[in-house]
Amino acid sequence: MRFASPEYLYLWLILPALICFWLIADWRRKRALKNFISPELMQKIGLTLSARMRLLRRVLILMGILLAVFALARPQWGAKVTRIEQKGLDIVIAIDTSKSMLAQDIKPNRLEKAKYELGKLIDILQGDRIGVVAFAGTAFTLCPLTLDYAAAQLFLESITTDIVPEPGTCLADAISAALENFQKEEQKFKVILLLTDGEDHCREMGRDPVKSAEEAKKQGAVIYTVGIGGTEGAPIPVMDESGNLEYKRDESGKYIESRLDEDTLKQIALATEGKYYHSVGGELEVEKFYQQIKQMERKKLGEQLQVEYEDRFQYFLGAGMILLFISILIPERKR
């Protein structure tokens with residue numbers, strides 16, 4: 001036997017408290033009656049209490065409460081084991097960790113906004129495997145595909161702009177690193193969620209993110225892009241040698257402003273028949289993303305044994321109610 005809600009067993013502490021209350025009440029009643037009414041008069045007017053009936057009634061009340069508390073704790077015995085087929089998608093999150101993600105056109109900054117959005121996504125995922133890729137000038141898998149959402153959340157929380165040592169932003173590498181987490185023989189069930197401000201420094205070196213997206217399409221992956229930041233541009237905060245807040249400058253001394261490149265992100269999503277979202281303050285774009293992928297076909301990820309225990313509280317509750325009802329019918333005074 002087991003209890004589904006064992007915390008309710010502490011209510012049994014009511015029983016000794018009730019016994020103490022009765023003892024004190026009886027003592028006070030006897031003392032009060034002796035002071036004002038003689039024993040002979042008490043018998044004549046029917047105030048004499050039957051000790052046996054009083055004891056029986058209180059025992060029934062105590063047993064009724066005991067059984068009711070037992071029922072609240074939900075005793076269970078007898079189990080049924082069922083096999084549950086687990087189905088889901090493989091979702092790889094690629095998050096931009098370049099210095100431009102420190103821009104504060106979204107509060108508190110772009111990176112923290114992206115992490116917040118992803119944390120909300122992990123909270124609502126059900127049965128899908130999730131992996132995390134961090135990228136800047138290069139990319140690597142931080143968390144392989146897993147059903148352990150708590151572990152994925154820990155990896156996500158550890159992300160800073162220093163986690164990828166190579167500066168810059170390379171969207172093509174991010175897509176390639178995400179693809180490495182999927183099984184190549186599968187032609188569906190693959191989703192890449194790319195969160196970035198869209199600035200790319202690898203295209204002039206021949207690494208075109210749109211071509212990488214087209215390769216992802218050939219491998220059966222769908223890419224959804226989330227643009228983090230504003231199109232107006234924002235300076236990039238940095239710390240100087242003294243630890244004071246400064247903003248990044250170019251060689252001529254002008255502030256470098258980071259702007260969201262929506263066109264590139266739209267092209268990447270379009271190349272794989274995905275969708276582009278623009279994340280602005282207060283809106284949770286990942287919820288829209290999740291509603292989109294909920295309609296997608298899912299693959300079998302495995303089987304899980306589920307043990308269902310039979311609730312037996314009704315027997316104890318019924319018996320307790322009967323005892324309490326009987327206790328009401330028992331008179332305490334002598335006839």
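The values are calculated or read from the model by the stated rules, or taken from the named source; none is laboratory data. What you are looking at is a predicted structure, and each value in this text was computed from that prediction instead of being measured. We place every Cβ from the backbone using ideal geometry, glycine too, and count neighbours over all the protein chains shown.
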Select, from 95, 122, 91, 130, the only residue that is surrounded by fewer than 22 Cβ atoms within 10 Å (Cβ to Cβ) and not acidic (Asp, Glu).
-> 122
Across (1) farther than 14 Å from residue 286 by Cβ; (2) touching a Leu at 6+ places or on another chain (Cβ under 8 Å), residue 194 clears everything bar (1)
Could you please find all residues in the stretch 182-205 being surrounded by fewer than 22 Cβ atoms within 10 Å (Cβ to Cβ) and over 13 Å from residue 264 (Cα atoms)?
-> 182, 183, 184, 185, 186, 187, 188, 204, 205
Among (1) of a type in the set (D, E, K, R); (2) within 29 Å of residue 120 (Cβ to Cβ); (3) buried (at least 17 other Cβ atoms within 10 Å of the Cβ), which single condition is residue 208 missing?
-> (2)
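Kindly indicate whether any position in the stretch 51-60 is buried (at least 19 other Cβ atoms within 10 Å of the Cβ), under 21 Å from residue 23 (Cβ atoms) and touching a Ser or Thr at 6+ places or on another chain (Cβ under 6 Å). So that I can check it myself, show each step before the final result.
Our first condition is that a residue be buried (at least 19 other Cβ atoms within 10 Å of the Cβ); within the stretch 51-60, this holds for 60.
Okay, now just the ones that are also under 21 Å from residue 23 (Cβ atoms), so 60.
The next check asks that each one be touching a Ser or Thr at 6+ places or on another chain (Cβ under 6 Å); those that pass are 60.
Checked against the condition, which is being buried (at least 19 other Cβ atoms within 10 Å of the Cβ), under 21 Å from residue 23 (Cβ atoms) and touching a Ser or Thr at 6+ places or on another chain (Cβ under 6 Å), the stretch 51-60 yields at least one hit.
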For the stretch 258-284, name all the residues that are farther than 20 Å from residue 98 by Cβ and of a type in the set (Asp, Glu).
-> 273, 283
Filter pass, residue 95 being of a type in the set (Val, Ile, Thr) and under 30 Å from residue 245 (Cα atoms) | yes
For residue 130, the lone unmet condition from (1) in a strand (DSSP E or B); (2) in contact (Cβ under 8 Å) with a residue 40 or more places away in the chain is (2)
Check whether at least one residue in the stretch 228-236 is surrounded by fewer than 18 Cβ atoms within 10 Å (Cβ to Cβ), under 25 Å from residue 273 (Cβ atoms) and over 23 Å from the mean Cα position of the chain (by Cα), and report yes or no.
-> yes
Would you point out the residue of the stretch 265-290, among those that are among the hydroxyl-bearing types (Ser, Thr, Tyr) and within 15 Å of residue 192 (Cβ to Cβ), that is surrounded by the fewest Cβ atoms within 10 Å (Cβ to Cβ)?
-> 290
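For the subset of the stretch 14-41 comprising residues that are among the hydrophobic types (A, V, I, L, M, F, W, C) and over 28 Å from residue 62 (Cα atoms), which member is modelled with the lowest pLDDT? First the steps, then the outcome.
Going residue by residue through the stretch 14-41, those that are among the hydrophobic types (A, V, I, L, M, F, W, C) are 14-15, 17-25, 27, 32-33, 36-37, 41.
In the following step, the residues that additionally are over 28 Å from residue 62 (Cα atoms) were identified as 36-37, 41.
Values: 36: 65, 37: 63, 41: 56.
Ranking the candidates gives 41 first.
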Hits in the stretch 296-327 - residues which are assigned to a strand (DSSP E or B), surrounded by 13 or more Cβ atoms within 10 Å (Cβ to Cβ) and of a type in the set (A, V, I, L, M, F, W, C) = 301
Report yes if some residue within the stretch 247-260 is buried (at least 16 other Cβ atoms within 10 Å of the Cβ), within 31 Å of the chain's Cα centre (by Cα) and within 28 Å of residue 116 (Cβ to Cβ); otherwise report no.
-> yes
